[in-house]
Amino acid sequence: MKRPSFISLITAFSIFNMGLASAHQPVELGSKNTRADQGPILVDGTVSFALRANFTKANQERGFRASLKQGELLNFEYLIIDKAPENKMPLSKLPTVTITAPDGVKRVVKFTERTNFYEPYGRTNYLYLARFSSTAVEGIYNFSIKSKAKASITVSTGSKETFGQVFQPRVCPNIEQQQTPTVTNAEAATLIGMKKDTASSCAAKLNWIYRIGQEDDQLFALTRDYRLDRVTVVIKNGLITNSLVG
């Protein structure tokens, strides 16, 4: 079964390689993206993205994040190019993908098919190994990929064929400043991994209210009101380890 969404994603790779803009963005997961909380953030998880992960040996890790709203669909696909060494590998030797939902529920992606797919733009044969959709809960989804041997895979998320924004980890988002801002989950997540002074400066620059919920072993008393212009952070050893709206 051919999926139009993936055709569009592969088109994005072809256009990207020609240096042209495309509404369907490829994302390369590099050596700096070794955990989900160190990976890029897909601002709208319903938009089509294709993410490529290359591994040179076992036990290497890559990760990324995607923001979804309550009731939206989480769409996920796992593919390999239909050529050696990947198509000769036992499934047990291919990289594993673990998806952690905002409520902490984990799902290890299981290989449920081996479906041929010819991508005409790059004239490349692929194999679908897994495809599924599920109803999302509000928040940031974490995707963790771990290798078991030298291999390359492509995973795709979303289905909406429109331009998608990507925030980089530990980089203050380049967004329009507002007098009374509404902080999104994706924007708040950019603070994770920052030094605490850098995170505080970023929040001040964007007119966010910034408060510390916990620093190392010290818990702080907080009001229970929920504010869309505020982030609450957790700090360990001088770094932001969690950042939530409210």
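A short reminder: the numbers here are calculations on the coordinates, not readings from a lab. Keep in mind it's a predicted model, so treat the numbers as computed, not measured. Please note: Cβ atoms are built from the backbone with ideal geometry, for glycine as well, and neighbour counts cover all protein chains shown.
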Return the single residue from Ala136, Ala84, Ala199 with maximal mean-square fluctuation; model: Gaussian network over the chain, springs between Cα atoms under 10 Å. Ala84
Under 8 Å for C-alpha pairs, at least 6 residues apart: give me the relative contact order for region 24-75, rounded to a whole percent. 46
Tell me, what is the percent relative contact order of region 195-246, built from C-alpha pairs under 8 Å that lie six or more residues apart? 35
Take the chain, mark every one of the chymotrypsin sites (Phe, Trp or Tyr not before Pro) that falls in a DSSP loop and has at most 16 other Cβ within 10 Å, then report the longest stretch left between them, sites excluded. 1-110
What pairs in Lys69/Lys106; Lys93/Lys236; Lys93/Lys160 have C-alpha atoms more than 24 Å from each other? Lys93/Lys236; Lys93/Lys160
With an 8 Å Cα cut-off and a minimum separation of 6 or more residues, compute the relative contact order for the chain in percent. 22
So for the chain, taking the charge dipole from beta-carbon charges (+1 Lys/Arg, -1 Asp/Glu), which of Ile81, Thr100, Thr157 sits furthest toward the positive end? Ile81
Note the listed values [x] 80, 40, 35; [y] 56, 35, 32; [z] 62, 46, 35, then indicate which one is Cα extents along the principal axes in Å calculated from this particular structure. [y]
Among beta bridges that DSSP assigns inside region 4-167, antiparallel share in %, nearest 5: 85
Toy charge model, Lys and Arg Cβ at +1, Asp and Glu Cβ at -1: region 142-223 dipole around Cα centroid in debye, rounded to 20, equals 400
What nm distance separates the two modelled labels at Arg52 and Val171, each placed 7 Å from Cα along Cα→Cβ? 1.8
Identify, among Phe132, Ala53, Gln25, the residue whose Cα sits farthest towards the positive end of the charge dipole of the chain, taking +1 on the Cβ of Lys and Arg and -1 on the Cβ of Asp and Glu, with the dipole about the Cα centre. Ala53
Any chance you could check the Cα centroid distance between region 34-98 and region 172-226 for me, in angstrom? 28
Quick check: residue separation of Ser133 and Arg224 times 0.36 nm, minus the Cα distance between them. What number comes out in nm? 29.3 nm
Here, trypsin sites (Lys or Arg not before Pro) of region 141-246 satisfying both criteria (DSSP loop; at most 12 other Cβ within 10 Å) are Arg224
How big is the charge dipole of the chain about its Cα centre, in debye rounded to the nearest 20, if each Lys and Arg gets +1 on its Cβ and each Asp and Glu gets -1 on its Cβ? 860
Work from the charge dipole of region 103-238 (Cβ charges, +1 for Lys and Arg, -1 for Asp and Glu, about the Cα centre) and give the residue of Val166, Gln218, Asn116 farthest towards its positive end. Asn116
Divide by every residue of the chain the summed helix terms, -39500 (n - 2.57) for each DSSP H run of at least 4, and state the resulting mean residue ellipticity at 222 nm, rounded to the nearest 500 deg cm²/dmol. -3500 deg cm²/dmol
Final fewest-first order of Ser152, Ser243 on the 10 Å Cβ neighbour count is Ser152, Ser243
